[in-house]
1. Might you work out the accessible area of Ile235 for me, using a 1.4 Å probe with all protein chains in place, and round it to the nearest 10 Å²?
2. List the lysines whose Cα sits under 26 Å from the Cα of Lys309, skipping any in the same chain fewer than 8 residues away.
3. Taking θ = phi - 60°, what integer Hz values does the Karplus form 6.51 cos²θ - 1.76 cosθ + 1.60 yield along region 330-345, in sequence order, with x for Gly and Pro?
4. Taking a ≥ b ≥ c as the square roots of the eigenvalues of the Cα gyration tensor of region 178-330, is the shape rounded (a/c under 1.5), prolate (a/b larger than b/c) or oblate?
5. Note down the magnitude of the dipole of region 182-327 about its Cα centre, charges +1 on Lys and Arg C-beta and -1 on Asp and Glu C-beta and zero elsewhere, to the nearest 20 debye.
6. Straight-line reach from Lys102: which lysines have Cα under 18 Å away, leaving out those fewer than 8 places along the same chain?
7. Considering the options Val269, Val170, Ala230, tell which one lies farthest towards the positive end of the dipole of region 170-278, charges being +1 on Lys and Arg and -1 on Asp and Glu at the Cβ, about the Cα centre.
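The values are calculated or read from the model by the stated rules, or taken from the named source; none is laboratory data. Everything quoted here is computed from the prediction, not taken from an experiment. Cβ coordinates were reconstructed from backbone atoms using ideal geometry, including for glycine residues, and neighbour counts include every protein chain displayed. Side chains included, ligands, DNA and RNA excluded: accessible areas come from the protein's heavy atoms. Shrake-Rupley method; radii C 1.70, N 1.55, O 1.52, S 1.80 Å.
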Amino acid sequence: MIDIFRSFSASSIVLSAAITLLASPASVAQPVRSMATEPSAFTSDLRYRLGPGDRVRMSVFKIPGYEGVAEVIADGTASFPRIGSVPVAGLTLDQARARISKAYTRYLRRPIVSLDLVYARPMRITVTGEVQRPGLYSLDRSGSFQLDSAGDTTGSAPTTIQSSGWPTMVEAIQKAGGITARGDLRAVVLKRQLGPGPQRELRVNFWEALKDGKQIENPILFDGDVVMVAAADEISYPDLIKIGASTFAPDTISVNVVGEVTRPGVVRVRANSLLSNAVLGAGGFVKERASVSNVQLLRLEPNGTITQKQVRFSPSDPLGSDNNPALREGDVIVVNRNRRSAFNDAVRATLEPVGPVINAASLLRLLGVN
C-alpha cells in the first residue's frame with residue numbers, strides 16, 4: 001500500500017511539473033532581450049561616484065574640530081582635518097566614508113564618520129550623431145539653458161529651457177541644439193562605461209512619447225556618458241512636423257533664398273518647414289520676373305556631396321511632396337528668372353556696351369559735325 005502511495009505521489013509531482021511547464025510563458029519562444037536594453041537593469045546598480053569638482057561635508061561624531069567642507073581637486077583627492085589628502089575620485093559616498101574612517105583610526109578610536117555631498121560637479125557628456133552641434137558638453141544639476149536656433153547669426157532670441165534636478169538624455173539633446181531632420185527619435189542610444197567591464201548601451205524610443213503620449217523613462221546622465229542619435233531611414237512628413245514642433249528639434253533653422261524674391265538672403269523658419277514657407281518668408285516672388293516652375297533646392301549632404309533638385313513652386317501641394325519638401329539647416333533655394341526676363345536681361349547686357357557710342361553719334365549729328 002505504501003509503495004502504491006509513493007508511486008502515485010511521484011506521478012502526481014511529475015504531472016504537476018509538466019502542466020506548470022506547459023502553462024508557463026517561458027515555454028513559449030520569446031525574443032531574447034539584452035539586460036542592457038532594460039532601463040531598470042541599466043541604472044539599478046549605479047551609485048554616484050565622486051570626481052573633481054564635487055564638494056563634500058565631513059564630520060566625526062562627538063569629536064569637535066573634525067568637520068568641514070572639502071572639494072575634490074583635479075588629482076582626485078580631498079583634504080580633511082588632521083589626515084590631509086585622501087584619494088576619493090571614483091568612489092561612492094559609502095566607499096569614501098569607509099576610506100576616511102580608516103585613515104582616522106590612526107588618531108581616533110572607532111571614529112564614526114558622516115559624509116554628505118553638498119555640491120555635485122557638472123556632468124561631462126558627449127552628444128553625437130544627428131544633432132545640430134555634436135560635441136562635448138557640461139550639464140549642471142539645475143538652472144536654465146537655451147534651445148538655440150541652428151546656425152543663428154542674427155541674434156534672435158532662442159527658446160529658453162528651464163532645467164532642474166539631475167541632467168537627462170533629453171536635456172543633452174537640447175543642449176546640442178536639437179536633432180536634425182534626419183534624426184531618429186525611435187533609437188536614441190545612451191552609452192555608459194561601468195568600471196573595467198564592457199560599455200553598456202540603453203536604447204530609448206522617445207518617438208512613442210510624442211506620437212502616443214506613452215510614458216517613457218528619461219534616463220539620468222552620469223559623468224562620461226555618451227548620447228547618440230542615429231539617422232532615420234525614412235520619416236513621413238507629418239512625423240517631421242510633429243518632431244519639428246517639439247523640444248527635440250532646434251527652435252529655428254537658417255536657409256538661404258536667392259534669386260527673384262523680394263528680400264533675398266538668409267531666412268529663418270521653423271525646423272522641418274516647407275520650401276514654400278521659406279520663399280514666402282523672403283517676401284515672395286518678384287512679379288513678372290520669377291519662374292514658378294524653375295525653383296532649385298541645393299542641399300549639402302552629410303557625406304560632403306551637394307544634391308540639386310528642381311521643383312515647381314506650389315504651396316497647395318501635399319505636405320512633404322516633391323514640390324514642397326521639408327527643409328534642413330543650410331539649404332539654398334534658388335528662384336530663377338522666367339524666359340521673358342532672361343531674354344530681356346540678355347538683350348540689355350548686349351546693348352549696354354554700345355549704348356554710349358550710339359548716344360555720342362546722335363549728339364554729333366545734332367551739332368552738325370560730319
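1. We get 40 Å² for Ile235.
2. Those lysines meeting the cut-off are Lys242, Lys287.
3. x, 4, 10, 10, 10, 9, 7, 6, 7, 5, 5, 5, 5, 5, 5, 5
4. Since a/c reaches 1.5 and a/b is larger than b/c, the shape of region 178-330 is classed as prolate.
5. 280
6. Cα-Cα hits under 18 Å: Lys62.
7. Val269
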